[in-house]
Amino acid sequence: MGFNPFKAVKKFVDKAIDVVTDTVKTVFSIAMSPFTGGFDIPDFDVDTGADIDNTTTVDFTPSNKPIPVCYGEKVERAVKNIFVDTAGDKNQYLYMCGVIGLGMTQDSANGSRLFDLIVDDSVVDIIDASGSGIISDYIAGEKVVRSGPSLMNLYGGGFPLFGGKGGHQPPRYKVKHGRFKDRIEFQLFDGSDDQPTSDLLSESDKWTYNHQLRGVQYIALKFTWTNDEILDDDGENLTNPFGSLPRVVVVAPGKNVPKLVERKQSVTDGYIHDTDTSRYNYGYILVSSPSDWSVAFSSGSYSHTASRRDGYGVSGNPVEILLDYMLNDRYGAGLALSKIDQASFVNAAVACERYRNETSNSIFSTNYLNQVYVPTVYYQDRPDFRIQRVLGKDGDREQETLGVPNNPYFRQFVVDTGTTHLQNINRFLSSMGGIMPFVNGKFKLILENAGTPDNSFDIPSDADLKSSSTFTFTDDNIIGGIQFQSGSLENSFNQLKLNYTDLDNRSQNNSVVWPPKTDQNYAVFKRQDNGIDLIGNVTHSGIMNAAHAAHFAKVLVLKSRNKQNIVFNTTESATNLTPGDLIRVNSNLIGIDHMFRINNLTMDQYGEIEINAYRHYPENYDFDAGTLFDNGQSYVEFINNNLKRPNTINAVPNTIKAPSNFTAIRVIDENPASGFTSSFANFEIRWIDESVNAGLNSYELQYKNPLTDFYHSAGTVKLTSIKFSSILSSFYGGTIEFRVRTMSPNGSSSAFTTTTANTQAPLGNRIVDGVLPINANYWADFATLSSGAGVGTANTDGTITAGESTEEL
Amino acid sequence: MTRDIGSSAQDGLSASTRRVFDLISIKSQDGNNLFVIGTDSTVSELLFTNCEVNLTHAGETFNANLGYIAHSPITESSNAINEKVSFTIDGVDLSNAETILNANFIGANANIKKVVVGADYSFTSDEVYEVFDGFINSFNLTADKETANLRLECGGPFSAFEKNSIYGYASVLSHQVVFNNDKGFEFSNKTLTDLQWGKQ
């Protein structure tokens, strides 16, 4: 060091210390701020219900608004429409670019899959969408060109594939079934840094080579507006399903994150890390220690472009998601890998990857009632949740179910890049009960659980924890005294409502309550609280189903109760401790011998350490489903109310059918207009519309006079029965041909249904309940056509009055 | 989980007598100098200790008797919060006061380590452990006729987390922070009016 302006003058030491002391107060105040650490109920919502709702709300005006970052395996979110254009000789094509999120995604060896495409709240049938193109080279040196449905059947498990990595044009898919058949074409871009410009969007003059959207996951869409007949698989005519600018929602994997641990494959193998580079996912490598699990750490730096073979992948593990956000220097905190404590992160990641009852091979208990979970022996090691919504297919086709990992830490996030890093990091941490102190130059991560860092299902006893405690405080190493603070009523809850994102139900805002009033715990808590209702309300948008939400609520309630705190000072000998550590305090002074978890730790200049810790009850962190409720009634109610629900209602196909049971009954006008006689033919005409959306349709009625081949349009009505009147007397005795067709709201129409009727009938007689023709052709010789019949007018009462024109049809 | 302090340091801290001192470093993060004296004398890092003698660790000499006395208590919390630490340099030489006032302290890395030393001030690297690493958030200089004090306030590792990014917005400007020439968001600000779709 060169010149130094700091000279030694040891004066005013007291003043310097005074300044420091003032700062201490500030620091302590900040430390007591309501930011969450571990399982805690913040004074403000880290998440709000609006966060959940906004995720699936379509934004047509995204200008300069934050693009979300999506984390998770099956994330549902509305796309942000950043480009819209029309083309075609009749403006029949609508091109749309829908941004899904930032960052590259790859959830399987051949790329991420689109699990659901929802347009205007209707599921698009994408399972057998035809496509051709290049599967991107996620597998080194491989560039596979495939076309037709086999492209997805072979490589995407039946779902359309994202692509773009390596500069390869992703496949173009065309919807071939369901209500959007032949009317939607799309391409899926994986958000890689080198993805090419969409050749689908390039059909618009405005979309040029420089519109690559590198690093952005998006869907390119081409909608076709046509009233031409398109027949579905049953031969029914599909009407134009569009009304205005389509609202598009997708269910797709989130972005890649650095993997710390791969999902468990079997009981005996333990956890493995997937470094597989083969297409068929063979060749897993078994490792024996956590330090070997992370390819990302061994590479030494974070990568925005890494694929599965590089140790990155899509994840529902909140630890891996947190790690990605902390390392990402585009939208995240941008920390160096050297700032992350690998061992503690891996331990926490393993804990988040474990399944219930894995050692006993039992399945999640709720499985016995509702089959939400896969109960087969094969899946015992991977008891996925089976989502009960229709995925990838519209309502009239076979239901597809899909699994997500069934462990209590499974999370998904749609992160707002417009909020601060601290807010987002706290959101991740709070969703898993994570504690992340910065010690010795690194961020360490501890899950607040019963006491085993890498296994939240392990519930060590209080005695076990005491015997294995790394640090025991007694009256000998406690300086001064101990301040003991009881839990307070204002921070205790006897019931908690937890709001979560219901993946099973179109990712809408939903909630669970724990304990339910039928649960014995509720009665016990109320009695302990002198009958006072202490009800909390917390939102965690990263929780995706009711069972996981109930577990989270249970831990929050139990932890809030009897939350005893202690504060004491000790010597430098405790320097090795960090926040989150479990300690034993055995003090004869106040007669306690309990386990505590360190909340804050303050070290002063002279080495003295102040420890602030809260009582640790290992049984509060029981994540096993068998203990979620204390009786069968609560259990059954929970299943019925939250898990065993009917499928989400899906829009039925927009087929349109020709009217059936078409009849024309001649009646005598009982109140003929002045100058007319009852000899004029009047008809009651009826038909039935068996179209699915019959209530939305209208109907055009036409008739043809006895002597010509011209059809005259009588008009259009909304009803399916009308009174047709004012047929001129010259028709009398002739055969009239009626026909009617169904018209959809978008202008599509069915084929005509035809019937004939005869105007002949004895004067003064009324034909009741008789279907014409009666005595057909009897009066035909007398029939002559005169002018006057023409386009009719639809009246509000269902009648049509014949008009003037004679349109040829 | 523990701090992973070396066993020698733990033994020293548990001993009945122990001497623990601070090793303070203030370093420019961007390669620029903290301040420049005159035209060519530059200072890119400051190293202090409150030990009676200079201490050398990892090839760097931490200077004693330059006015560093103590840091404020350091709080580590289970909460992800932006903790603050301050320390005061006493007896600052005011002959170059303007240089200090214009110094490039803000944003510089501030690091505090503890060292457990023997009676002869000897120690090994195993007896050094870090207790704070952050950034200088602000500083103030207080002077009177007898001396001057420089107080440096530091934000903890979470201080940079109070920010958000420029990248990640639906605009060309934001996107081109990372991807030059990419115009993918060019049309995101176009108002959708009079869209003629299906008007045959």
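We did not get these values from a lab; they are worked out from the coordinates using the rules stated. Just so we're clear, the structure is a prediction, and the values are computed from it rather than from any experiment. Every residue, glycine as well, gets a Cβ built from its backbone with ideal geometry; the counts of neighbours run over all protein chains shown.
Tabulated values for the structure
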| quantity | calculated |
| --- | --- |
| Gain in span if fully extended, A:Ser63 to A:Ser303, counting 0.36 nm per residue against the direct Cα distance | 83.6 nm |
| Hz values of 3J(HN,Hα) by residue in segment B:157-164 - Karplus curve (6.51, -1.76, 1.60), Gly and Pro given as x | x, 8, 4, 6, 7, 6, 9, 10 |
| Cross-link pairs beyond the 23 Å C-alpha cut-off, checked among A:Lys259/A:Lys444; A:Lys444/B:Lys84; A:Lys497/A:Lys559; A:Lys339/B:Lys84; A:Lys563/B:Lys113; A:Lys176/A:Lys657 | A:Lys563/B:Lys113 |
| Cα-projected label distance for A:Asp194 with A:Ser461, points at 7 Å along beta-carbon direction, nm | 6.0 |
| Average partner coverage of A:327-333, which counts Cβ from other chains inside 10 Å | 4 |
| Exercise: per-residue mean of other protein chain Cβ atoms within 10 Å, A:569-578 | 6 |
| Euclidean distance of C-alpha centroids, segment A:152-223 and segment A:540-604, integer Å | 50 |
| Under-5 Å amide H pairs with A:His211, H placed in peptide plane, nonlocal only | B:Lys183 |
| Rough spin-label spacing in nm, given labels placed 7 Å along Cα→Cβ, for A:Leu489 and A:Arg686 | 7.1 |
| Distance in nm between pseudo-label sites at A:Val524 and B:Thr2 (7 Å out along the Cβ direction from Cα) | 3.6 |
| Taking B:Glu76, B:Glu146 and counting other C-beta atoms within 10 Å, the order from fewest to most | B:Glu146, B:Glu76 |
| Computed helical MRE - 222 nm, chain B, DSSP H runs ≥ 4 contributing -39500 (n - 2.57), nearest 500 | -2000 deg cm²/dmol |
| Residues in segment A:173-202 that a label on A:Ala87 would reach, taking backbone N under 11 Å of a point 7 Å out along Cα→Cβ | A:199-202 |
| Peptide ranges B:150-161, A:471-482 listed from the most packed, as the mean C-beta count within 10 angstrom indicates | B:150-161, A:471-482 |
| Other-chain or far-sequence residues with amide H under 5 Å of A:Met104's (modelled H) | A:Asn256 |
| Least to most buried among A:Tyr409, A:Tyr606, B:Tyr169 (fewest other Cβ within 10 Å first) | A:Tyr606, B:Tyr169, A:Tyr409 |
| Taking B:Thr2, A:Thr501 and counting other C-beta atoms within 10 Å, the order from fewest to most | B:Thr2, A:Thr501 |
| Under 5 Å, built H, 5+ apart or other chain: amide partners of B:Ile69 | B:Thr88, B:Asp90 |
| Sites A:Gln564 and A:Gln633 - FRET efficiency at Förster radius 25 Å, r taken between beta-carbons, to 0.05 | 0.15 |
| Partner chain coverage, peptide A:180-189 - average Cβ within 10 angstrom | 0 |
